[in-house]
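The values are calculated or read from the model by the stated rules, or taken from the named source; none is laboratory data. Because the structure is a prediction, the values reported are computed rather than measured. Positions of Cβ are generated from backbone atoms using ideal geometry, with glycine treated the same way; all protein chains shown enter the neighbour counts. We work out accessible area using only protein heavy atoms, side chains counted, and drop any ligands, DNA or RNA first. Shrake-Rupley method; radii C 1.70, N 1.55, O 1.52, S 1.80 Å.
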Amino acid sequence: MAENKTKPTKARVSDFLAAVDNPKRRADAKKVAAMMRRATGKRATMWGDSMVGYGRYSYRYDSGCSGEWMLTGFAPRKQNLVVYIMPGFEPFEKHMARLGKYKTGRSCLYINKLEDVDEKVLEKLITDSVKLMRKRYKVKP
């Protein structure tokens, strides 16, 4: 059975964020970090060398594959800020309609810059996604 390659590390999130080259992306990442801390009540953890995660949940698929993953998180990449909305976007159509300019993948929300979206709607999206994850999965204390 395959194991997750990306795992929590002991690296300091503050050091990682301070090293983000683009000052605007760094400031945006710090704002999103604060939103996620409020939404989860958890401190940030580095997952691998480029993802910042909050909280953890356990999952088990019908295939028998199981593991742990972050409740929510983000990655300040060169091209955009990626926000991880783990349940996907289907349950949050109302939020998405009001969010602003963005692109999505399966659970990835790609934002060029935070000013392209409504920050209050983004925080509500993050908070509601965390609530849904807590209903669906066993969350680590």
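Out of all the residues in the stretch 35-49, which are open to solvent by less than 50 Å² (accessible area, probe 1.4 Å) and not in a helix (DSSP H, G or I)?
Ala44, Thr45, Met46, Trp47, Gly48
Name the residues in the stretch 70-80 that are buried (at least 20 other Cβ atoms within 10 Å of the Cβ) and in contact with a Phe, Trp or Tyr (Cβ under 7 Å, 6 or more places away or on another chain), would you?
Met70, Leu71, Thr72, Gly73, Phe74, listed by residue number.
Output the qualifying pairs, or none if there are none: Cβ atoms under 6 angstrom, residues six or more apart or on different chains, first residue in the stretch 61-73 and closer than 20 Å to Arg38 by Cβ and β-branched (Val, Ile, Thr), second residue in a strand (DSSP E or B) and open to solvent by less than 40 Å² (accessible area, probe 1.4 Å).
Thr72/Tyr54; Thr72/Tyr84
Among the residues of the stretch 98-114, how many are without any contact (Cβ under 8 Å) to a residue 60 or more places away in the chain, open to solvent by 30 Å² or more (accessible area, probe 1.4 Å) and either in contact with a helix residue (DSSP H, G or I) (Cβ under 9 Å, 6 or more places away or on another chain) or among the polar types (S, T, N, Q) (or both)?
Here the count works out to 6.
From the list Val83, Val32, pick out the single residue that is surrounded by 14 or more Cβ atoms within 10 Å (Cβ to Cβ), touching a helix residue (DSSP H, G or I) at 6+ places or on another chain (Cβ under 8 Å), outside any helix (DSSP H, G or I) and not small (Gly, Ala, Ser).
Val83
Can you tell me how many residues within the stretch 50-63 are in a loop (DSSP other than H, G, I, E, B) and either open to solvent by less than 20 Å² (accessible area, probe 1.4 Å) or hydrophobic (A, V, I, L, M, F, W, C) (or both)?
Number satisfying all stated conditions: 1.
Looking at Val130, Val121, Val117, Val139, can you tell me which residue is open to solvent by less than 80 Å² (accessible area, probe 1.4 Å), within 14 Å of the chain's Cα centre (by Cα) and touching a residue at least 12 places away in the same chain (Cβ under 8 Å)?
Of the residues listed, the single one that is open to solvent by less than 80 Å² (accessible area, probe 1.4 Å), within 14 Å of the chain's Cα centre (by Cα) and touching a residue at least 12 places away in the same chain (Cβ under 8 Å) is Val130.
Yes or no, residue by residue, for (1) within 15 Å of Val130 (Cα to Cα); (2) without any contact (Cβ under 8 Å) to a residue 60 or more places away in the chain:
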{"site": "Asn4", "(1), (2)": "no, no"}
{"site": "Ser14", "(1), (2)": "no, yes"}
{"site": "Lys24", "(1), (2)": "no, no"}
{"site": "Ala29", "(1), (2)": "no, yes"}
{"site": "Ala33", "(1), (2)": "yes, yes"}
{"site": "Met36", "(1), (2)": "yes, no"}
{"site": "Gly41", "(1), (2)": "yes, yes"}
{"site": "Gly48", "(1), (2)": "no, yes"}
{"site": "Tyr57", "(1), (2)": "yes, no"}
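If I ask for residues that are within 22 Å of Ala29 (Cβ to Cβ) and assigned to a strand (DSSP E or B), which ones from the stretch 64-80 would you list?
The answer is Trp69, Thr72, Gly73, Phe74, Ala75, Pro76.
Test each condition in (1) at pLDDT 95 or above; (2) in contact with a Cys (Cβ under 9 Å, 6 or more places away or on another chain); (3) among the aromatic types (Phe, Trp, Tyr) for Phe16 and report the one that comes out false.
(2)
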